[in-house]
Amino acid sequence: MAEGNRDFLVLTEVSKSFGGVKALDRLSFTVRQNDVLGIIGLNGSGKTTLVNVITGFIKPDSGTVRFQEKEITRLPAHRISQLGIARTFQTVRPFHRLPAFKNLIIPLCSPRIKKLTGSGKWGDRDAVALDLLEEVGFERDSAIPFKPTASLPHGYLRRLELARCLALKPDLIITDELFSGLSNSEVTSLIPLLEKLQQSGITLIMVEHRLRELFKLASRIIVLDRGRKVAEGEPQKIVADAGVKEIYLGAEF
Amino acid sequence: MVLPLLIYGLINGSILALTALGFSLTYGISRVANFAYGALYVLAGFSAWFFLNRLKLSLFLSLLLSILLIGLIGAALYRIALIRVRGMPTSEIIVTFALGTAALEALRFFGFLGSHYTLPAFYSGALPVFGVPVDYQRLFIVILGAVLFLALWIFTHHTKTGLAMRAIAQDEQAAMMAGIDSDFMATLSVGLGAGLAALAAGILLPLSYIATESGSNILVYAIAVCIVGGLESTTGVLVASLLIGYAQMLSVIYLGPHYQMIVALLAILVTLILRPSGIFGKHKELEERV
Amino acid sequence: MARRKERIDRPVKVLSDDIYALASIRNMLYLAAPRVLPSLLLLLLPLLAPSAYFQRVITLAALYALLALSWDFLERSIGAVSLGQSLFFGVGGYLAGVFNVTLGLSPFWALLLSTGVGAVICTVLLFPCLPLRGIYFAMTTLVYPLLLSRIIEATGLLGGTDGLVGIAPFANAWVEQYLVLGVLLGASFSLSRLLSTDFGVTLSAIGDDDQTVRACGINITLYKISAVAIASAVGAFAGAYFSFLYMFVGLSAFSLELSILPIACAVVGGMRTLIGPVIGAFILVPLAEGARDLGTLRIVFYSLLLAGLILFKPEGLLNYLRRKYQQVERWVEV
């Protein structure tokens with residue numbers, strides 16, 4: 001595998017406060033292209049705020065975010081999506097009013113896709129949507145993609161989220177607690193999919209609580225505590241780190 | 001000229017604060033925006049009038065009964081109606097708005113209009129304050145406003161029920177896990193809010209007369225104070241009342257009586273556009289706007 | 001032996017799905033009937049009406065239907081609940097007065113311009129409020145009509161409390177009755193069509209969850225502006241039409257009733273269906289007009305109806321009818 005761009009995503013001294021609470025405190029790190037970076041930390045350590053800042057849903061008070069040499073700190077969220085960063089949400093938020101596969105029509109209508117593939121006819125998008133669903137593990141030729149989204153079980157909804165990201169043909173996918181609410185077997189079945197995504201050239205940043213599975217996928221881990229980076233390195237090193245153990249006292253590995 | 005303006009502005013601010021307090025409390029605790037608030041206020045006025053003039057009860061007893069009655073109606077409003085649409089904010093708004101409108105229009109239909117219906121002041125006469133004559137009712141308003149704020153502050157910060165209410169306001173699910181019954185708290189909050197509206201009616205209505213038309217005005221003023229000050233902050237209500245109170249008074253003096261409402265409406269708009277969470281509001285960015 | 005109620009699609013519905021509709025006349029009739037028959041009935045109404053009074057009621061119902069359609073479109077597309085439909089109505093109404101009386105334009109041109117300019121003005125007014133979430137946006141819609149009417153009252157502009165008089169009527173009674181019905185049918189069908197295009201699907205998605213749509217690389221502001229522009233155009237048209245109908249426009253164009261009744265129509269007829277509110281309007285408005293002698297009691301009536309329906313039977317008439325038309329209920333043994 002060729003060495004990717006070292007500075008694919010660069011955060012420099014990013015800070016964000018809400019009222020008196022510091023959610024992010026001068027946070028800096030870099031992500032190499034085609035890496036899988038895991039971000040862990042307790043509740044309230046700033047993980048979701050970090051995702052929101054990178055993807056433009058929240059603007060930081062100070063600091064910069066650079067993606068592929070371009071500064072994206074102040075760009076609006078939809079522009080950042082169009083540049084190739086896709087994200088999932090912590091609480092699954094599909095479009096309830098639509099059938100499952102129609103969820104993917106929206107990203108397929110975005111300017112990024114129009115630019116990358118040339119605007120297709122209306123009918124083509126339905127077929128592309130169904131193909132995407134198959135790619136993330138929906139059974140082909142079943143009625144499931146046509147069911148109303150609200151009736152799908154949780155595991156399918158998470159896969160739908162991933163499909164929504166993939167529809168944008170992203171270079172970077174940020175997942176926010178993708179494994180939460182899933183059974184062990186459901187999580188295990190997602191891992192090959194995520195490995196396949198990484199092998200196809202996509203960079204992954206995974207914010208997670210389920211450490212065992214994350215450590216199988218990630219090549220690097222960053223530990224956040226109260227908005228600050230307290231440890232960084234390979235999974236084995238993080239597991240052995242005394243400081244991290246202290247934060248997670250009581251957590252089972 | 002400055003001193004009378006300062007004093008009248010303070011009075012006007014206190015009037016607004018008393019008007020808005022109930023609405024703020026209800027929303028602050030259970031996130032219920034009670035759009036029937038104005039109707040409850042007017043109903044309180046008429047019920048007090050009824051107890052006073054038809055049942056010939058004493059003023060104190062009439063007011064007390066009207067507060068209890070309206071408080072109960074508020075609690076019933078939640079228990080019977082709002083509980084069914086809990087968690088769907090737009091349905092909550094439509095239901096309370098519709099019920100409030102129905103009540104006000106019913107009053108209008110049955111002839112409760114015009115300036116015939118009044119409540120008497122507690123004590124007639126006036127007192128010079130720094131050389132400016134202020135009647136006892138208005139004085140009482142300012143004092144009562146301050147006392148109520150203090151009492152509410154102590155209640156929400158230092159009593160078990162009050163703290164429970166704040167817990168619900170901050171994180172409903174965590175509070176429920178700690179054993180606090182969210183529906184009971186919501187019923188309590190709507191009832192209390194309604195009771196406070198009735199209290200405000202009893203004190204403020206002697207200043208003019210009980211008018212069905214003012215039902216929607218009351219709602220707008222309450223919303224204005226709460227939005228400008230921040231929907232979850234008692235300090236915000238205080239500051240916003242004074243700000244809007246002074247602004248209203250100045251515009252009425254220099255521009256005309258219609259501007260009292262216009263100022264309130266503009267305050268709502270400007271705040272929602274520039275800073276939706278208000279001056280002291282604590283909503284996180286993502287919750288209030290995209 | 002326990003029983004439960006089961007609902008399954010009617011055979012004819014399944015048979016007429018998609019292209020199979022062409023398989024038989026019966027299938028085609030099954031699909032066409034609910035769309036064609038009510039439209040025909042609507043167009044026949046003015047002819048069936050026994051007197052000019054009833055014809056006026058039909059026209060009024062159509063105007064309220066437009067307001068209700070506009071309300072439902074806004075709710076169905078971007079999920080915005082408007083408590084102030086009277087904003088669109090009043091802006092359109094006053095513009096019609098200005099264009100016709102002050103600028104001397106004919107009713108036709110004044111109507112056209114009022115719709116367009118009204119949409120622009122309302123969109124500009126609501127634009128800063130678009131990023132706001134549910135309850136906050138609802139409050140701004142409540143505030144705007146009140147604000148505009150108070151300003152007119154305070155400054156005496158645009159006729160002040162007296163309003164604008166001397167607005168021209170329509171050329172003839174046929175135009176008066178059929179123009180609005182034609183526009184109503186056109187708007188209903190085209191908005192329904194719009195919501196099934198990719199653009200419309202994206203609009204619905206915004207109503208569902210606008211954050212996710214942002215994450216899909218779509219600039220939601222443009223979509224929201226479009227939705228408001230469309231809804232306000234429909235509402236402004238209704239307001240302008242009203243001015244020509246009564247040859248007068250005044251502060252009542254911003255009244256609360258104009259904001260509540262469309263919501264009641266939508267809830268009665270079935271929210272989020274676009275056609276439901278239209279049906280609701282043709283049920284409620286004649287009832288309300290019939291009860292006009294009772295004065296403001298009619299507002300009490302449909303406010304209570306609105307509250308009751310939302311609390312106990314939010315489904316709405318159209319959804320109920322649709323369910324009956326498309327599905328069969330039966331008891332099965334468990």
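The values are calculated or read from the model by the stated rules, or taken from the named source; none is laboratory data. No experiment lies behind these values; they were computed from the predicted model shown. A quick note on method: Cβ atoms are made from the backbone with ideal geometry, for glycine too, and the neighbour counts reach across all protein chains shown.
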Could you identify the single residue in C:Lys13, C:Lys5 that is basic (Lys, Arg), farther than 24 Å from C:Gly186 by Cα and either part of a helix (DSSP H, G or I) or at pLDDT 85 or above (or both)? C:Lys13
Residue check, C:Gln85 touching a Phe, Trp or Tyr at 6+ places or on another chain (Cβ under 6 Å), closer than 18 Å to C:Tyr241 by Cα and crowded, with 18+ Cβ neighbours inside 10 Å: yes
Take the conditions of a type in the set (Val, Ile, Thr) and more than 14 Å from every other protein chain (Cβ to nearest Cβ) and apply them to C:Val183. Does it pass? yes
What number of residues within segment C:274-289 are closer than 21 Å to B:Ile93 by Cβ and out of contact with any Asp or Glu (no Cβ under 6 Å at 6 or more places or on another chain)? 3
Check every one of the strands (runs of 3 or more DSSP E) wholly within segment A:145-249 and list those with 1 or more residues that are in contact with a Pro (Cβ under 9 Å, 6 or more places away or on another chain) and charged (D, E, K, R). A:220-225
What is the number of the single condition among (1) more than 30 Å from A:Glu69 (Cα to Cα); (2) in contact (Cβ under 8 Å) with a residue 40 or more places away in the chain; (3) away from chain C (no Cβ under 11 Å) that A:Arg140 does not meet? (2)
Within segment A:86-105, the residues that are β-branched (Val, Ile, Thr) and at the interface with chain C (Cβ under 9 Å from one of its Cβ atoms) are A:Thr88, A:Ile105
Segment A:107-121, subset within 7 Å of chain C (Cβ to nearest Cβ) and either without any contact (Cβ under 8 Å) to a residue 40 or more places away in the chain or not in a helix (DSSP H, G or I) (or both), residue nearest to C:Arg272 (Cα to Cα): A:Cys109
Those residues of segment C:124-149 which are surrounded by 20 or more Cβ atoms within 10 Å (Cβ to Cβ) and facing chain B (nearest Cβ under 7 Å), in sequence order: C:Cys129, C:Leu132, C:Tyr136, C:Ala138, C:Met139, C:Thr140, C:Val143, C:Leu146, C:Leu147
Verdict on A:Pro94 being at negative phi and modelled with pLDDT of 85 or more: no
The lone exception for C:Ala187 - which of (1) surrounded by 16 or more Cβ atoms within 10 Å (Cβ to Cβ); (2) without any contact (Cβ under 8 Å) to a residue 40 or more places away in the chain it fails: (2)
All conditions in (1) out of contact with any strand residue (DSSP E or B) (no Cβ under 9 Å at 6 or more places or on another chain); (2) in contact (Cβ under 8 Å) with a residue 60 or more places away in the chain; (3) away from every other protein chain (no Cβ under 14 Å); (4) within 20 Å of A:Gln90 (Cβ to Cβ) are true of A:Leu157 except (3)
Out of the residues in segment C:219-265 meeting the condition of being of a type in the set (S, T, N, Q) and surrounded by 22 or more Cβ atoms within 10 Å (Cβ to Cβ), tell me which one is farthest from the other protein chains (Cβ to nearest Cβ). C:Ser243
Would segment C:319-334 turn up any residue that is within 13 Å of chain B (Cβ to nearest Cβ), out of contact with any strand residue (DSSP E or B) (no Cβ under 8 Å at 6 or more places or on another chain), free of Cβ contacts under 8 Å to residues at least 40 places away in the same chain and surrounded by fewer than 16 Cβ atoms within 10 Å (Cβ to Cβ)? no
Kindly indicate which of C:Leu194, C:Leu222 is out of contact with any helix residue (DSSP H, G or I) (no Cβ under 8 Å at 6 or more places or on another chain), more than 30 Å from C:Leu305 (Cα to Cα) and modelled with pLDDT of 90 or more. C:Leu222
